[in-house]
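What follows is one structure encoded as structure tokens, with my remarks underneath.
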Amino acid sequence: MAEDEGSQEKTEEPSEKKIRDALEEGKVLTSKELMLSVVMLTGFLQIMFGGRYYFEEFTGGFRSGLNIKDIVLYDAPLLSVVGDRFMGILKPIILFSGPILLALMASQFALGGLHFIPKNFSLKFDKLSPMKGLGRMFSITAVMELGKAILKIGVVGIVGVFYLFWKLPDILALSDMPLNQALSMTGTLFVETFFVLVAGTLLIAVIDTFFQWRQFRNQLMMTKQEVREEHKQQDGSPEVKAKIRQMQREAAERGSVANLDQAQVVITNPSHFAVALRYDFEEGTAPKIVAKGSDAIARQIREEAEKAGLPTFSYPLLARALYFTGEVGGEIHTELYRAVAAILSFVFHANSEGDAPVIDVPKELQFDANGRSLERRRV
């Protein structure tokens, strides 16, 4: 059986519970290559549109950092001067890294969502095991990661080399250009080369993102048996629900014994079942069950009925029919009206003297002690 379940194909989409469990275990869809390409692309855009600003800020910061005039001439505190110089460099760093951080968060949110998982921050002692470390180094996942790294270097390297060969005449011509023109051409070549490298990493990121999504989805896919087991856990297994219903029924039956003062007659099995009935002449409705029980509860009903002097009749088929087809506080089954009416008439008009009436219980309402239909068993 276990082999059959293990051999089942994962053809079902992951449920919400399976996804939540994966998140709790620290499994989140992500792509390192996508994050790297986002960093490079965001950095490239900032250099292209704000390169002059960052160049001036960084060079100005380093230039002022080398200026010690304030310390020599004005005897300014060294820590104050160092702090000013550091803040001058910190501003462009924050302006440059801020958009990169926002882009990383946005890309991860779009891919697999942003989740704070405390489990990922816990210390994992198994990571310190040398044997397990060697196992991870030579695992299939490690081999695949190595293959992706080689592919990434190969793709980016080949694209970069081809681009440089294509631009080789312009590079060689730099030595014959005036300084300003050479610097301008160098900046242009740098930006274009960086763009080519970014384009290469984006291509790898697209491939890796699809691969990671496919692998993550396959890991979360479920077999039909897993779906059934999950539904059983969420809804409760039939055995547990049956036990709960039995306990609720027994609790209701124990509480129903207190209603015996409202009963007018008790029908017994004679030993396993007991049902107490009442008929309201003013309402003129069908007889109702005021108390019922099996085994110990039935014995308690019989004892209390004897103490109260309630008329008690032994009709096994009728007692089981009333027990299995009715609930405490509810009316009896319509097919049992005739039988119960005969007994009530005997109690009210004959004062329970003489022979008890002969009654007939419909075959479809005849049960054994376990509630199984006797008619079906005969068939």
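Quick one: in the range 70-119, of everything that is at pLDDT 75 or above and outside any helix (DSSP H, G or I), which residue is surrounded by the most Cβ atoms within 10 Å (Cβ to Cβ)?
Among them, the one singled out is GLY112.
Counting just the residues of the range 282-309 that are within 18 Å of ARG338 (Cβ to Cβ) and surrounded by fewer than 19 Cβ atoms within 10 Å (Cβ to Cβ), which one comes out modelled with the highest pLDDT?
The extreme case among them is ALA286.
Whether any residue in the range 143-154 is in contact with a helix residue (DSSP H, G or I) (Cβ under 8 Å, 6 or more places away or on another chain), at pLDDT 80 or above and either farther than 30 Å from TYR54 by Cα or among the charged types (D, E, K, R) (or both) is what I want to check.
No; the residues of the range 143-154 include none that is in contact with a helix residue (DSSP H, G or I) (Cβ under 8 Å, 6 or more places away or on another chain), at pLDDT 80 or above and either farther than 30 Å from TYR54 by Cα or among the charged types (D, E, K, R) (or both).
For the range 200-216, which residues satisfy the criterion of being basic (Lys, Arg) and in contact (Cβ under 8 Å) with a residue 24 or more places away in the chain?
Of everything in the range 200-216, nothing turns out to be basic (Lys, Arg) and in contact (Cβ under 8 Å) with a residue 24 or more places away in the chain.
Of the residues LYS292, LYS288, LYS307, LYS363, which single one is of a type in the set (D, E, K, R) and touching a residue at least 40 places away in the same chain (Cβ under 8 Å)?
After ruling out the rest, the residue left standing is LYS288.
For (1) surrounded by fewer than 14 Cβ atoms within 10 Å (Cβ to Cβ); (2) at pLDDT 90 or above; (3) within 19 Å of PHE281 (Cβ to Cβ); (4) of a type in the set (S, T, N, Q), each residue gets a yes or a no:
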residue	(1), (2), (3), (4)
LEU322	no, yes, no, no
THR325	no, yes, no, yes
HIS349	yes, no, yes, no
ILE359	no, yes, no, no
ARG372	yes, no, no, no
ARG378	yes, no, no, no
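How many residues are polar (S, T, N, Q) and closer than 17 Å to ARG338 by Cβ if we restrict to the range 349-375?
The total comes to 1.
Would you check which residues across the range 3-20 are polar (S, T, N, Q) and modelled with pLDDT under 75 and list them?
SER7, GLN8
Could you identify the single residue in ALA350, ALA356, ALA339 that is under 58 Å from the mean Cα position of the chain (by Cα), among the aliphatic types (A, V, I, L, M) and assigned by TED's automatic domain parsing to the domain that holds LYS288?
After applying the criteria, what remains is ALA339.
The values are calculated or read from the model by the stated rules, or taken from the named source; none is laboratory data. None of these values were measured; they are calculated from a predicted model. Heads up, the Cβs are rebuilt from the backbone with ideal geometry, glycines too, and the neighbour counts pull from every protein chain shown.
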